[in-house]
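As structure tokens, the structure follows; a few thoughts come after it.
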Amino acid sequence: MIRFDVLTLFPEIFASALKETTLKRAQAAGLIEVRLYDIRDWAEGRHHQADDMPYGGGDGMVMKPEPLFAAIRTVRAQGPEAKVTLLSPQGRRLDQTLARELSQRPRLILVCGRYAGVDERVREHLVDEELSIGDYVLSGGELPALVVIEAVARLKPGVLGNQESAAADSFPQRLEAPQYTRPEKCEGHAVPEVLLSGHHEAIRRFRLKESLRRTLLSRPDLFERYPPEGEELALLEEIKAERGQG
Ligand SMILES: C[S@@+](CC[C@H](N)C(=O)[O-])C[C@H]1O[C@@H](n2cnc3c(N)ncnc32)[C@H](O)[C@@H]1O
């Protein structure tokens with residue numbers, strides 16, 4: 001079981017993602033738990049103002065520190081010891097290796113920024129780590145938090161149904177081989193014959209070779225990080241020879 005505590009100004013953004021398919025199943029089976037907290041509940045004053053103008057001027061509003069200090073402290077104290085993770089484009093980039101690391105933790109506290117970001121004092125004094133989902137900027141940390149939750153949840157044993165499999169997924173080492181389903185012919189385009197042959201060894205070899213072909217074409221950097229060995233080397237030679245002929 002892994003518990004996610006999510007601090008956000010927009011808890012509703014999570015509603016439909018949490019009540020459908022993978023994440024719904026994971027919660028129902030008690031494999032993950034997601035608790036949502038509205039940061040505005042800790043914002044004082046009649047309007048529960050959670051943002052303010054930046055000191056020194058400039059565009060955009062900044063998330064006020066006091067509601068975040070109070071919210072993070074309260075939530076952190078309500079469960080087992082856990083790091084406070086701020087979603088931020090400046091953070092460590094999420095990949096499958098990091099998702100696996102995170103999936104080993106019992107609890108994640110995810111803080112979603114909005115507007116121009118959070119007051120720096122929150123980052124300095126309360127945040128233990130920053131996590132980015134990629135080199136682009138979104139308007140808030142809610143979609144990134146959902147990305148983290150789903151990437152982590154599907155690694156917990158029992159979360160994926162029989163229809164899916166985490167083992168054959170594309171990362172971290174090789175891109176996944178192409179997948180086909182019925183019909184055998186679609187607008188004249190046929191499924192590769194070997195997949196219909198029932199010959200398990202030939203199918204295994206076909207899939208491995210196509211997985212290597214895709215990796216070579218789209219993500220050759222993965223071969224530097226995870227060098228090919230044995231059968232993979234032989235298949236890569238075949239692929240290169242075929243390309244030479246083509
Ligand atoms: C408009 S962004 C603020 C960006 C900030 N001014 C900066 O340049 O670092 C608002 C919030 O969206 C979230 N966010 C935006 N892009 C993200 C990304 N790639 N990964 C994770 N969180 C992101 C963060 O929580 C951030 O505080």
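Derivation of every value follows stated rules applied to the coordinates shown; laboratory data play no part. Keep in mind it's a predicted model, so treat the numbers as computed, not measured. As a convention, Cβ positions derive from the backbone with ideal geometry for all residues, glycine included, and neighbour counts pool all protein chains shown.
Relative to the compact-globule scaling 2.2 N^0.38 Å, provide the ratio for the alpha-carbon radius of gyration of the chain.
1.29
Which FRET efficiency value, to the nearest 0.05, do you get for residue 83 and residue 138 by plugging their Cβ-Cβ distance into 1/(1 + (r/R0)^6) with R0 = 22 Å?
For residue 83 and residue 138, the calculated efficiency is 0.50.
So what is the relative contact order for the chain, in percent, with contacts set as C-alpha pairs under 8 Å and at least six apart?
19 percent
If the elastic network links every pair of Cα atoms under 10 Å, which of 234, 151, 190 fluctuates the most in the Gaussian network model of the chain?
Among 234, 151, 190, the largest mean-square fluctuation in the Gaussian network model of the chain belongs to 190.
Full extension from residue 205 to residue 217: what is 0.36 nm times the residue separation minus their Cα-Cα distance, to one decimal in nm?
Computed gain between residue 205 and residue 217 is 2.5 nm.
On a straight-distance basis, which aspartates and glutamates could pair with residue 24 in a cross-link, Cα separation under 20 angstrom, same-chain partners fewer than 8 positions away excluded?
5, 12, 33, 142, 150, 164
Putting +1 on Lys and Arg Cβ atoms and -1 on Asp and Glu Cβ atoms, find which of 134, 149, 54 reaches farthest to the positive end of the dipole of the chain.
149
What lysines could a cross-link reach from residue 83, if we take a straight Cα to Cα line under 23 Å and drop same-chain neighbours fewer than 8 places away?
Leaving aside lysines fewer than 8 places away in the same chain, those within reach of residue 83 are 64, 156.
What FRET efficiency, computed as 1/(1 + (r/R0)^6) with R0 = 35 Å and r the Cβ-Cβ distance, is obtained for residue 104 and residue 231, rounded to the nearest 0.05?
0.70
Which lysines have a Cα less than 17 Å from the Cα of residue 240, not counting those fewer than 8 places away in the same chain?
209
What does the extension gain come out to for residue 181 and residue 125, with contour length at 0.36 nm per residue minus their alpha carbon separation?
Once the chain is fully extended between residue 181 and residue 125, it gains 14.9 nm.
So if each residue of separation counts as 0.36 nm, and I subtract the Cα-Cα distance between residue 70 and residue 19, what length gain in nm does that give?
Separation in residues times 0.36 nm, less the Cα-Cα distance, equals 15.5 nm.
For the range 1-150, build the charge dipole from Cβ charges (+1 Lys, Arg; -1 Asp, Glu) around the Cα centre, then report which of 22, 96, 9 sits farthest towards its positive end.
Final value for the positive-end residue is 22.
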